[in-house]
Amino acid sequence: MSFGRIRLKINERLVEAEPGMTVLECARKNGLYIPSLCELEGLPAFASCRLCLIEIKGRPFWSPACQTLVEEGMEVITSSEELESLRRSIFELILSEHPYFCLLCSEKPICNELKVTMAKALEPGGCIFCPKDGNCELQRVAEYLKIEKVSYEFEDKGWPLWQKDPFISYNPNLCILCGRCVRVCGEIRGEGVLSFVNRGTKTVIGTFYDRTLVKADCSFCGACVDVCPTAAFTEKGLVAAKGKNLSRQKLICPLCSCGCELEAEIMENGAIRRILPAADKRPAFMSGCARGRFGLRELLTELKRIFKPTIRSNGFPVETSWDEALESVVKNLEAFSPEEIAFVFNEQTHIENLLAFLEIGQKLGVKNFFWFYPEIFLKRIDEFEKENQVKFNRRINPDRLSEFRSYLVLDSDLKSEATTFWLELNRWLRSGARLVVLDSGLNKIERSAAVRLKGEPGREYLTLLALLKLLLEKSTGFSFYSGLDQIVEKLNQISGEILAEVSGVKLADLEKAAGLLVDSKPSAIIFGQRFLRQETWRRNLWAVWNLALKLEAEVFPVTSRINEIFASRLASQYPVQVLSDLTAFEQRIRDKKIRAVFVLGDLPLAVKPEFLVVLNVFETPLAAQSDVFLPIASSLESSGSLVDFEGKIKKSLPQIKFSENSLSGLQVFLKLGSRLGIKLTLPEVDFLQTTLLPDKTNSKKDHWRYLEIEDDLRQVVSSAQAREKPLGEEFMIVVDQDLYSYSGLILSEVVPGFKRIQNPDWLWLNPADAERHGFKNGSRVQIETESGRLAAAVRIDYGIKIGTAVIKPVLTNPMWLDFYLKGILRGRLRAENE
Amino acid sequence: MKNLGNKISIVEKILQTLPGERRYLVHFLHLVQQATGYIPEEILPAAARHFSVSPSEIFGVVTFYSAFSLKPHCQHEIVVCQGTACHVRGSGAIMEEFSRWLGVKPGEENLEKNVLLKPVNCLGCCAIGPVVVVDGQLQAKVDLKEVKRIAEKLTGESEKRE
Ligand code: SF4
Ligand code: SF4
Ligand code: SF4
Ligand code: FES
Ligand code: FES
């Protein structure tokens, strides 16, 4: 096969193409339009609409351009009398099942003037009611084909409309069965919520037993809306744009480590019409999720927001001017010695704000700088590297995923924690790479896995040791790195069966996983925050290191929060410490060692220091307690930079103003600085990319060695066996992360739709456990643990192991934080009314 | 629903015999259809997890093939002709008698009794009326005694099957 360029003729014009391109792609690249309604970038052709049929010289039949690969010397005709009439008949058939009055309307040129409203009830009734708002792909095709009449009558199938879900509505009567939504949902997103249901003339897009999207476990990523050529899938509650001037603003989503590039459509009155994933670098459906596209808009127009600073007076916050508020901060801080002041920040804000915050503190002589970082993820990796003189990757580039034939993912639901990383990984699964998932909690990527290793929570270490043992048995060959003998010797002390048994994973599954990893090389080992938020985190990392050497695999620790990598690098230039457990910190406040606290962001603090300043977008409970609250613009309203999981600095420059009064964090710090007589000398952000966030990959590997197993494995196993059966009705409770919050505000509390998608008080259970306890979906229960009680609502999920429960609290109160830091705990469940 | 627990355990046994690979899905559905007479909704989420597909995908497959049915059907079907010719020969009484013996109402699918009693208007063989079709077998000139015999045979049989 030649890798050079291919030369072919389209409509007698000589064009060049890359091998592997389809004729449709090639034509498009050369500015030539071929009607197409089912083709979807990044997926193999489906060829269902038949509109892209073309003629190829020397071939007796027409071929669909979306399914035909370019060949050297090919001669293609995309348009002829015959082809167009063929397309017209096909299109007329499509239109017999889709309302077409708007496509034939004689008033079309002045459509926007006549258009009065968007659909209220979604009934198919022609252009003025169509939620597609003039962007229907059928219009483009109708124009191209110059359709003037349709020989068939439109048959309204009368399917009921789907309007019970938040954010998305679906009208099956507008569907032309192109299949794009089914494929994007199943193959690209890995969700599989949608499916073709029935056959023949009754075929329709549906869900499992026509359940609502919420009940069918839809993630509300919105990809189906993005790809639907008609208005069958639509975003709910859209205001008609009526072709008027919409401006577009690029922004970076701050809600998870992906930092997706989004685009806000702004109407003339300044209101946000909708937020979509930007589609210039990659197709829209390859990024974004419910949080960014449906959550941000409503979060930021949240009614509770205040834009003026407040000062506490007589116990109540009173609105005041910026001058007075800042004066009060200065006066109060000056009353304490620098040792008595603590500066604490959350990373979920523009990095310019973080830098200015630290600099002000430093210039004030403050000694206590804290990054509130309950994940402790990168800190633990740093610590482990120092202790063992090893090195893991930090900046992880999803483009590199193409290099691997297998992936081993450990305790990380990438779909939610690093969505775009998952979409990239899934792309390689589609072309044959294999996935092994080891997870003791809830992991939505498991369905795409060739092998699922579902072990006991907290025994990941043992599972990995068992895997290592099997790998050593399967591929006995020479290993490049030294130190293997000790490992082999240690692992010989204990049988694979026993290791499998105590870890809770079936030996057969472990064997399958080992076989797969040996056969599909090279592999990547990927893990997330939950893998290290456990008592055994050091051992987990040991096991990963040794496995990686044995498999010659690359390791990718994936962060889940925006700016996480950046904040962890700050410690190299500023005296920043990680704060996770607040007990000691709170004690210092009680002991009056720390008397004034300045918080950038949110913090679940249980004691109030003598003087508390909070700078945040929202008036969170902590802000409501503060002596001075400084409200700042969100990352939608101000320009600034965020750092994604790759360690890339991304700038957003939106100018969406919600209030004349709002200042960006940076503006507040500059004002504060000038009051203090401090001139801030902030580093150039672009410069930071190379100084603070250098792109270093592990190059020197030759001196690496296996890390010794220090444990007496027989003892580890027997102590695990001793704790084997949780007594009676005990559950192992896995505490996972909830990314459905921003600056201390919980999405489900402010955006009603999210109440039905993710709540911080949900508890996931296996159906068998739920049945045994008489719990149903929604049952209210009490979780009783040694660390305290917690109320929760049951969610039944087949992806949870029997005897395990999963919760995902938001860290807005001390109890939730306590659970979160433990990561895994034992507890009982009791029905609430008992 | 009656016997659901029973059906779930039958299905679980079937699941255990099949590798968790997508290509066994249709085979699995055939086995379930044979064993339980339909595809119970309750079993699909667990099956989906076993075969690593989404529940919606299974639903798509089940609704595509007419060999699979989503609802349980009765095992037996008794068709009693109510056309004019049969009517004048007393088919009304025959229908009533069936209804009394079997404890099911005409035209209703009764899953407890596992019998469907179905009225039709003329089967086109009026000369041999009253006509009754029992599980596809045509019976001519049926009288009340014959009704009792048929009913006893059917109920006896379904009791044995339980
Ligand atoms: S929103 Fe996403 S998950 Fe839900 S049906 Fe559409 S594509 Fe599937
Ligand atoms: S709903 Fe839209 S995307 Fe899905 S098959 Fe129908 S027309 Fe295509
Ligand atoms: S939350 Fe993450 S995946 Fe979702 S839109 Fe924002 S950055 Fe993208
Ligand atoms: S785009 Fe080629 S058949 Fe639809
Ligand atoms: S009326 Fe009974 S067969 Fe015709």
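Strictly greater than 27 Å: what percent of every Cα pair in the range A:168-302 meets that?
That fraction is 22 percent.
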Please list, in chain and number order, the residues 5+ apart from A:Leu435 or on another chain whose amide H is under 5 Å from its amide H, with Hs placed from the backbone.
-> A:Tyr407, A:Ala450, A:Val451
What does the accessible area of A:Thr301 come to, in Å² to the nearest 10, when a probe of 1.4 Å is used?
-> 70
Could you work out the mean count of beta carbons from other protein chains within 10 Å of each residue's beta carbon in A:180-193?
-> 2
A student applying the Cα gyration tensor rule (rounded when a/c is under 1.5; otherwise prolate if a/b is larger than b/c, oblate if not) would label the range A:725-831 oblate
The range A:735-834: which trypsin sites (Lys or Arg not before Pro) are DSSP loop and have at most 11 other beta-carbon atoms within 10 angstrom?
-> A:Lys776
Residues of the range A:198-231 losing 20 Å² or more of accessible area relative to the isolated chain, 1.4 Å probe, heavy atoms only?
-> A:Asn198, A:Arg199, A:Phe208, A:Tyr209, A:Arg211
Report relative contact order for the range A:293-428 in percent, whole number only (criteria: Cα-Cα under 8 Å, sequence separation at least 6).
-> 14
Leaving out ligands, DNA and RNA, calculate the buried accessible area for the pair A and B with a 1.4 Å probe, summed over both sides, in Å² to the nearest 100.
-> 1700
Residues of the range A:638-686: accessible area per residue with a 1.4 Å probe, Å² | 49
Check the straight Cα-Cα distances from B:Lys145 and name the lysines below 17 Å, setting aside those fewer than 8 residues away within the same chain.
-> B:Lys153
Where the only charges are on Cβ atoms (+1 Lys, Arg; -1 Asp, Glu), what is the dipole of the protein assembly as shown about its Cα centre, to the nearest 20 debye?
-> 520
Reciprocal of mean inverse Cα separation for the range B:76-155 (Kirkwood radius, Å) = 12.1
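Give, to the nearest whole percent, the P(r) tail of the range A:6-116 beyond 21 angstrom, counting all Cα pairs.
Values: 2687 of 6105 pairs.
The share of Cα pairs beyond 21 Å in the range A:6-116 comes to 44 percent.
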Give the cross-link partners of A:Lys512 among the lysines, using a straight C-alpha distance below 18 Å as the criterion and excluding same-chain residues fewer than 8 apart.
-> A:Lys454, A:Lys469, A:Lys474, A:Lys521, A:Lys550
Per the helix-only calculation at 222 nm, which mean residue ellipticity applies to chain B, given -39500 (n - 2.57) for every DSSP H run of n ≥ 4 and division by its residues, nearest 500 deg cm²/dmol?
-> -14500 deg cm²/dmol
For the protein assembly as shown, just list the percent of Cα-Cα distances falling in each 20 Å bin from zero outward, please.
-> 11, 36, 34, 15, 3, 0
Taking only DSSP H segments of four or more residues, each worth -39500 (n - 2.57), what value at 222 nm results for chain A once the sum is divided by all its residues, to the nearest 500 deg cm²/dmol?
-> -8000 deg cm²/dmol
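Over the range A:379-557, what is the relative contact order in percent, taking alpha-carbon pairs closer than 8 angstrom and at least six residues apart? Before the final figure, lay out the partial values.
Values: 266 pairs, mean separation 53.2, N = 179.
RCO, the range A:379-557: 30 percent.
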Quick one: check the C-alpha center-to-center distance for the range A:298-335 versus the range A:528-547, whole angstrom.
-> 43
Quick one: pull the percent of accessible area on chain A belonging to carbon and sulfur, 1.4 Å probe, ligands and nucleic acids left out.
-> 50
Which of the GluC sites (Glu not before Pro) across the range B:1-93 are loop residues per DSSP, with 14 or fewer other Cβ within 10 Å?
-> B:Glu21
The relative contact order of the range A:725-831, taking Cα pairs under 8 Å that sit 6 or more residues apart, comes to a percentage of 42
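The values are calculated or read from the model by the stated rules, or taken from the named source; none is laboratory data. Just so it is clear, the structure is predicted and the values come from calculations on it, not from any experiment. Cβ atoms come from the backbone with ideal geometry, glycine included; neighbour counts cover every protein chain shown. Protein only, heavy atoms only, side chains kept; ligands, DNA and RNA dropped before computing areas. Shrake-Rupley method; radii C 1.70, N 1.55, O 1.52, S 1.80 Å.
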